[in-house]
Amino acid sequence: MKAPLIAISRHRLTIDGNGVTTLVCFHGCPLCCRYCLNKQCLDPQGIWKTVTPDELIDITRIDDLYFQATGGGICFGGGEPLLRSAFIQAFCQQCPDTWHIYLESSLNVEQHHLETVAPYISHYYIDVKDLNADIYRRYTGQSPERMLSNLRWLQEQGLQERVTIRLPLIAGYNTDADRQQSRRLLEEMGYQDFDLFDYVIR
């Protein structure tokens, strides 16, 4: 089993989870966001390297001491890491138990991917964009229905406290009123931890 990566970023402090983390970015994404920060994830030539779970453990083990000392670990991002759910599962079954596993995802995938990794995830960072279906579709090129279904599944599992919801203000697509409406709907689902920020368009 191999997965394509676009980057590995080490020594990230309290950005993608507790303590020192290593961000592992997968190639591939179901969305086509207008202001994508990692466009190489959609470029066929954007693959940096492909690795097996064992190879990734060997690569990231160099920071084991930092992970153990600070309560950190691995954050899977991308692209969309849930497209590589079987890979993540295999990695988590073999990596040290002391490593915390974090996930940055749009959740716009089939539910079985989320179910596969859920037993291993310490915390989720969910990039919701906007819950208005028209805004979401115009910005990402996809429907938000799978994302919403997965958010409901996390709610049904009682995992809301392990979730941080990212709600950006996206120039030309949504307003702060739209964002506050998304937040209200998510609060009704039991989500309480929100990261509100503005996209900086260059």
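Once you place label points 7 Å from the Cα toward the Cβ at Asp43 and Tyr199, how far apart are they in nm?
1.9 nm
With springs only between Cα atoms under 10 Å, which of Ala177, Ala90, Ala133 fluctuates most in a Gaussian network model of the chain?
Ala177
Which GluC sites (Glu not before Pro) in the stretch 72-156 sit in a loop by DSSP (not H, G, I, E or B) and have at most 16 other Cβ atoms within 10 Å of their own Cβ?
In loop regions of the stretch 72-156 (DSSP not H, G, I, E or B), the sparsely surrounded GluC sites (Glu not before Pro) are Glu110.
State in Å² the accessible area per residue of the chain; use a 1.4 Å probe, count heavy atoms of protein chains only, and round to the nearest integer. Don't jump to the answer; show the numbers that get you there.
Working: 9600 Å² over 202 residues.
Result: 48 Å² of accessible area for each residue.
Springs between alpha-carbon atoms under 10 Å, Gaussian network over the chain: tell me which of Gln111, Gln142, Gln45 tops the mean-square fluctuations.
The residue with the greatest mean-square fluctuation here is Gln45.
In whole Hz and in residue order, list the ³J(HN,Hα) couplings for the stretch 44-60 that follow from phi through the Karplus curve 6.51 cos²θ - 1.76 cosθ + 1.60, θ = phi - 60°; x for Gly and Pro.
Per-residue couplings from phi come out as x, 8, x, 6, 7, 6, 10, 9, 8, x, 4, 5, 5, 4, 4, 5, 8 Hz.
What's the carbon and sulfur percent of the stretch 1-116's accessible surface, probe 1.4 angstrom, rounded to a whole number? Don't skip to the answer; put the middle values down first.
Working: 2660 of 5290 Å².
C and S atoms contribute 50 percent here.
List, in order, the whole-Hz ³J(HN,Hα) value for each residue of the stretch 99-107 obtained from phi through the Karplus relation with A = 6.51, B = -1.76, C = 1.60 and θ = phi - 60°; use x for Gly and Pro.
7, 8, 10, 10, 9, 9, 8, 8, 6
Please report Rg over Rh for the stretch 63-166, where both radii come from the alpha carbon positions and Rh follows the Kirkwood definition.
Values: Rg = 14.4 Å, Rh = 14.4 Å.
With Rh from the inverse mean 1/r over Cα pairs, Rg/Rh is 1.00.
If the chain between Ala69 and Leu169 were fully stretched, how many nm would it gain, using 0.36 nm times the residue separation less the Cα-Cα distance?
On the way: separation 100, 0.36 × 100 = 36.00 nm, distance 3.58 nm.
So the chain would gain 32.4 nm between Ala69 and Leu169.
Rg to Rh for the stretch 32-83: what is it, with Cα atoms only and Rh by Kirkwood?
1.06
If you project the alpha carbons of the chain onto their three principal axes, what span does each projection cover, largest first, in Å?
46, 38, 30
Tally Lys/Arg at +1 and Asp/Glu at -1 over every other residue whose Cβ is under 15 Å from the Cβ of Lys2; what's the total?
Details: positive: Lys49, Arg84; negative: Asp54, Glu55, Asp58.
Value of the local net charge: -1.
Could you work out the percent of alpha carbon pairs in the stretch 115-170 separated by over 19 Å, rounded to a whole number?
31 percent
The values are calculated or read from the model by the stated rules, or taken from the named source; none is laboratory data. Just so we're clear, the structure is a prediction, and the values are computed from it rather than from any experiment. For neighbour counting, all protein chains shown are included, and Cβ atoms are generated from backbone atoms with ideal geometry for every residue, glycine included. For accessibility, only protein heavy atoms count, side chains too; no ligands or nucleic acids. Shrake-Rupley method; radii C 1.70, N 1.55, O 1.52, S 1.80 Å.
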